[in-house]
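The structure under discussion appears below in the form of structure tokens.
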Amino acid sequence: MPTVTERLTDAVGKRVDTGRAERDRVPLESLAALDTGPDRPDPVSLLQAQDKDRVQRLVPIRHGRMRATPFTFYRGGAAIMASDLSRTPSTDLRAQLCGDAHLSNFGLFNGADRQLVFDVNDFDETSPGPFEWDLKRLAASVTIAGRNNELTDKKIRAATKAAVRGYREGIAATLARSPLAIHYYRVDVQSLLEQDEKLRKRSRKAVDKASRKDSVKALEKLTEVVDGHRRIVSEPPLIVPLRDFDGEIDPDRLRDLFDRYRRSLPPHRAAVIDRYRIVDIAHKVVGVGSVGTLCLIVLLESDDGAPLFMQFKEAAHSVLEPYCGPCGYAGTGERVVRGQQLMQSTGDILLGWSHFDADDREIGFYFRQLWDGKGSADVDQMGPTRLVRYAAACGAVLALAHARTGDAAAIHGYLGDDDTADHLLAQFADTYADLNVADHAAHERAIEDGRVPVADE
């Protein structure tokens, strides 16, 4: 009778063969394909369609941030790329996707044990889909970032291939692990820094800064004391406290929103929230692509005065859903939370969801701690060596996230053991970077023509 190890090895081998067989339907060479024909949807119109359900006074800020560089435009253009990817040959090798896996959506955060972890850290667009869609989004972001940093074509290509290689090797490494081991495995920051002394020296400042980011630090930066009461500062249009909304938002409905969030938590987490009371709420503009969505911060305080800053952020439908099918959850907030929990082994213990009943629609939200060791790399300042290392690390953690829900052995079989996929996806990324430049220029023309409003912050 075969041993357990032999049976496992045989099962993995069969799944690897399944991935190789997928090449008959979607040849590996098709990874480089990109359809830019005349029937391609207008990129500016895709962005404007998203604007319709956003806070209109903030929409010009969104476009102002996107116009800055081709890289900032790319960061805000997940809907454009989702449309483009839907027009390319796609595998049936599905996983829970980030949906917006560009370089700036990876970073640091505190695990449940308060140790810093490096992982995917943005899940606004998460939904199931073909694994390579995330990988293509990551690869293209490396090329676009390298161009933005004025690196040579050779250095840019090396960094882009490093991202794909990091993914391939990361997927391969999971084949020897059980599903439980994959779930528990994580990339802690200390082990990442120990891999390279130069990386450690350059990154220590960012790590130290992230480790100090918590609710106490947020209290110092985001609040003031007026007449003996702590309240969130007003810095319009980026931070607007609820007291300045002139009745636009009903406080009772916000409390209902918070109560629904509490009910989404398991009892032992809800018990933590029950020790706090709401002190103040404000709208806070964040990110690039998220600008214009409802994003509020809430200051809570325990009976003994300990602060807790939470963020609740509007969750729209994923940009992937029109092409990959429904996410499978009743609400958009739950989609984001469940997707994050599927892709991450550790994360915010207070992560939950809720919804707000607006006059004409239900608006989903997800809740998380505002500052919980969060930190991100300054991609705009990366030279060629740092970009290679960072891109490889992003590829590796993306592979681990996909392995938690996808068939890693089949993905490994499809991508193969050599660097063919690295070259093909670098080719795709180069082509897509050119397309992104053209889209950025079209966006700029739309601004100049008055079709798209912009505003300085």
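Here, each number is a calculation from the coordinates, and none is a lab measurement. What you are looking at is a predicted structure, and each value in this text was computed from that prediction instead of being measured. Note: ideal-geometry Cβ built from the backbone for every residue, glycine included; neighbour counts use all protein chains shown.
Quick notes on this one:
- Isotropic mean projected area of the C-alpha convex hull, the stretch 215-369 (nm²): 10.5 nm²
- Listing 351, 34, 320, 415 from fewest to most neighbouring C-beta atoms within 10 Å gives 34, 351, 320, 415.
- Inter-label distance for residue 9 and residue 275, nm, one decimal - labels placed 7 Å from Cα along Cα-to-Cβ: 5.1 nm
- Residue by residue, the stretch 357-369 carries 3J(HN,Hα) couplings of 8, 7, 5, 10, 6, 9, 9, x, 9, 10, 10, 7, 5 Hz when phi is fed to the Karplus relation 6.51 cos²θ - 1.76 cosθ + 1.60 (θ = phi - 60°); x denotes Gly or Pro.
- Computed over the stretch 315-457, relative contact order equals 16 percent, with contacts defined as Cα pairs under 8 Å that lie 6+ residues apart.
- Rel. contact order, % - alpha carbon contacts under 8 angstrom, at least six apart, the stretch 215-369: 21 percent
- Considering only 309, 364, 61, the residue lying farthest towards the positive end of the dipole of the chain is 309, judged by Cα position with unit charges set on Cβ.
- Dipole moment magnitude, nearest 20 debye, the stretch 215-369 about Cα centre, only Lys, Arg, Asp, Glu C-beta charged: 640 debye
- This model, with +1 at the C-beta of Lys and Arg and -1 at the C-beta of Asp and Glu, gives the chain a dipole about its Cα centre of some 1160 debye.
- Listed cross-link partners 136/374; 136/313; 154/374; 284/313; 313/374; 52/374 are compared with a 21 Å cut-off, the Cα-Cα value being larger for 136/374; 136/313; 154/374; 52/374.
- Relative contact order (%) - the chain, alpha-carbon pairs under 8 angstrom, separation at least six: 31 percent
- Residue order, fewest to most surrounding Cβ atoms within 10 angstrom, among 235, 125, 150, 224: 150, 224, 235, 125
- Förster-model FRET efficiency, 30 Å R0, residue 172 and residue 385, C-beta, rounded to 0.05: 0.80
- Of the residues 141, 128, 73, the one whose Cα sits farthest toward the positive end of the charge dipole of the stretch 64-141, with +1 on the Cβ of Lys and Arg and -1 on the Cβ of Asp and Glu, is 73.
- Fewest neighbouring Cβ atoms within 10 Å first, the residues 113, 422, 280 line up as 113, 280, 422.
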